[in-house]
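The values are calculated or read from the model by the stated rules, or taken from the named source; none is laboratory data. Small disclaimer: the values here were computed from a predicted structure and weren't measured. Cβ: placed from backbone, ideal geometry, glycine included. Neighbour counts: every protein chain shown. Please note that ligands, DNA and RNA were not included when accessible areas were found on the heavy atoms of the full protein model with its side chains. Shrake-Rupley method; radii C 1.70, N 1.55, O 1.52, S 1.80 Å.
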Amino acid sequence: MEFLPLFHKLQGRWVLVVGGGEVALRKARLLADAGATLRVVALDAVGELEQLVRTTGGELQLRGYQAADLDKVVLVIAATDDSALNAQVSADAQAQGIPVNVVDAPQLCSVIFPAIVDRSPLVVAVSSGGDAPVLARLVRAKIETWLPATYGHLAGLAGRFRHRVKALLPNVQQRRVFWEEVFQGQIAERMFAGKQQEAEQLLESKLAGNAERNVGEVYLVGAGPGDPDLLTFRALRLMQQADVVLYDRLVAPAIIELCRRDAERIYVGKQRSEHAVPQDQINQRLVDLAKEGKCVLRLKGGDPFIFGRGGEEIEELASHGIPFQVVPGITAASGCAAYSGIPLTHRDYAQSVRFVTGHLKDGTTNLPWNDLVAPGQTLVFYMGLVGLPSICQQLIAHGRSAETPAALIQQGTTQNQRVFTGTLETLPQLVAEHEVKAPTLVIVGEVVSLRDKLAWFEGAQSQL
């Protein structure tokens, strides 16, 4: 290990920055965020740097560097474009035992700046020892994806209760177990959901010995249209901590594999006229599992609030007083259209978009056809494969041109995506000539004509 990672307390302490350009400004911003008082020495300084110095109560010296500038400082940054000057600053600082960083010259540094993930008071630093700063930034970006911003709030909560927990649990092992339960359980989830007061009440109850886990929680999570990369950060985090997973037919296997390995998995898939588990039984099962104290993940394809019956499920949970969270997902219309190169709206073709279910609760396609043939709109039919001939016939019968472009997308956003394009008149026959399997999505409107120009996903696949 070439560098020992340390965190430097700079609040109210002097830091010298030699240089007045954009590079010096970037370093100065970080120092100011850490509470340092800035002493900037430069022949000239950008305006924002001057303002930053004033804000921190520091001092700006518009002149050349002098060794006396090191007086009373605890850290030195050399950020000029004069390599000889940078070397002199480094030598002077190290001669006095003052930590020094020379930008883009690791051989002159006694300390280096890491890539920082700031979830104050929780801070993560990543360093390559100056050898590969871009790689360090990429690693930081990966950490950013799975460390929610609210982790800082959770760390703050722990800080407020730290001394009380230490007094109650003098044994180090006891405290470790206590905090592991806090950081991985319902208290943490309340903080992540922005319910700080509830989190503090649960923590108070836990300290008082009254934190029996009588009721769990349900996470209603949208899994998106199929590509695992389209999951939200929050969805992935909840998937990793649920005790039991209820998933439907539209959730891609690759997404299910991202759930916690030891979680119980229950298939409750539905397809037209064939329900593995009726909806009312799914609702009751969510209630029963939560009452057993489990964290329950209800994983739904697309978005749970767009033809996903998510509203029915949380309505049942609410009636039983079961805590729940809802995590939106990218709905099939948005995801599949984007991966097919079909914009849902376009200034020249469509000024609105309408989402329509391909069949109703009674299995019919009894839809407001007169509204659906209005000009300047794109229609997106969910669950429209079986009813495709009827949908096309009804739109034509109610005034939509038979030449209106139309597309059917099969297994959109996945490696199995196929897109069939035609018109309202030709699309049903085109689909009938191929073996097409659900899930599918039907898009009707002039925007479909743009696919030939804008399709990108199939080309990307062919290059894999």
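Each peptide in 158-168, 34-44, 259-269 was scored by the mean count of other Cβ atoms within 10 Å over its residues; highest first, the order is 34-44, 259-269, 158-168.
In this calculation the C-beta distance from Ala374 to Lys453 is compared with R0 = 22 Å, giving a FRET efficiency of 0.30. Modelled this way, with points 7 Å down the Cα-to-C-beta line, the labels at Arg26 and Glu292 are 5.3 nm from one another. Close amide-amide hydrogen proximity is noted between Thr378 and Ser352, Val353, Arg354, each under 5 Å apart and 5 or more residues distant or on a separate chain (H modeled in the peptide plane; Pro and chain starts excluded).
Rounded to the nearest 20 debye, the dipole magnitude of the chain is 1060 debye, with +1 charges on Lys and Arg beta carbons, -1 on Asp and Glu beta carbons, and the Cα centre as origin. Computed from the C-beta positions of Asp118 and Gln94 and an R0 of 35 Å, the FRET efficiency is 0.75 to the nearest 0.05. Structure note, pairs Lys206/Lys300; Lys195/Lys291; Lys195/Lys294; Lys206/Lys291: Cα-Cα distances above 24 angstrom occur for Lys206/Lys300. Expressed per residue, the C-alpha convex hull volume of the chain stands at 215 Å³. Every helix of 4 or more DSSP H residues in the chain counts as -39500 (n - 2.57), and over all residues that averages to -10500 deg cm²/dmol at 222 nm. Across the accessible surface of segment 225-328, with the other protein chains kept in place and a 1.4 Å probe, carbon and sulfur atoms take up 51 percent. Modelled spin labels at Lys72 and Glu403, positioned 7 Å past Cα toward Cβ, are 8.3 nm from each other.
Per-residue Karplus couplings for segment 95-102, computed as 6.51 cos²θ - 1.76 cosθ + 1.60 with θ equal to phi - 60°, are listed in order as 5, 9, x, 9, x, 9, 10, 10 Hz, Gly and Pro entered as x. Counting 0.36 nm for each residue step from Phe3 to Asn366 and taking away their Cα separation leaves a gain of 123.7 nm. For segment 1-56, the dipole from Cβ point charges (+1 on Lys and Arg, -1 on Asp and Glu) about the Cα centre works out to 240 debye, to the nearest 20.
Potential lengthening of the chain between Gln201 and Arg63 amounts to 44.0 nm, from the contour at 0.36 nm per residue minus the alpha-carbon distance. In terms of packing, defined here as the mean over residues of other Cβ atoms within 10 angstrom, the peptides 176-183, 410-417 line up highest first as 410-417, 176-183. Relative protection proxy for 99-106, 146-153, from highest mean packing down: 99-106, 146-153 (other beta-carbon atoms within 10 angstrom). The convex hull around the C-alpha trace of segment 23-142, projected and averaged over every direction, spans 7.8 square nanometres. Each label point was placed 7 Å from the Cα along the Cα-to-Cβ direction; for Gln281 and Arg137 their separation is 5.5 nm.
The residues of the chain expose on average 51 square angstrom of accessible surface per residue, using a 1.4 Å probe on protein heavy atoms. For segment 14-50 and segment 89-109, write down the distance between their C-alpha centroids in whole Å. With segment 14-50 and segment 89-109 each reduced to a Cα centre, they are spaced 16 Å. Computed from backbone phi, the HN-Hα couplings of segment 116-130 come to 10, 10, 9, 10, 3, x, 8, 10, 10, 10, 10, 9, 10, x, x Hz, rounded to whole numbers (Karplus: 6.51 cos²θ - 1.76 cosθ + 1.60, θ = phi - 60°; Gly and Pro given as x). Net length available on complete extension from Lys437 to Arg164 is 92.4 nm, with 0.36 nm assigned per residue and the Cα-Cα distance removed. Using a cut-off of 14 Å between alpha-carbon atoms, which aspartates and glutamates can reach Lys142, once sequence neighbours fewer than 8 places away in the same chain are excluded? Straight-line reach from Lys142, under 14 Å: Asp118, Asp229.
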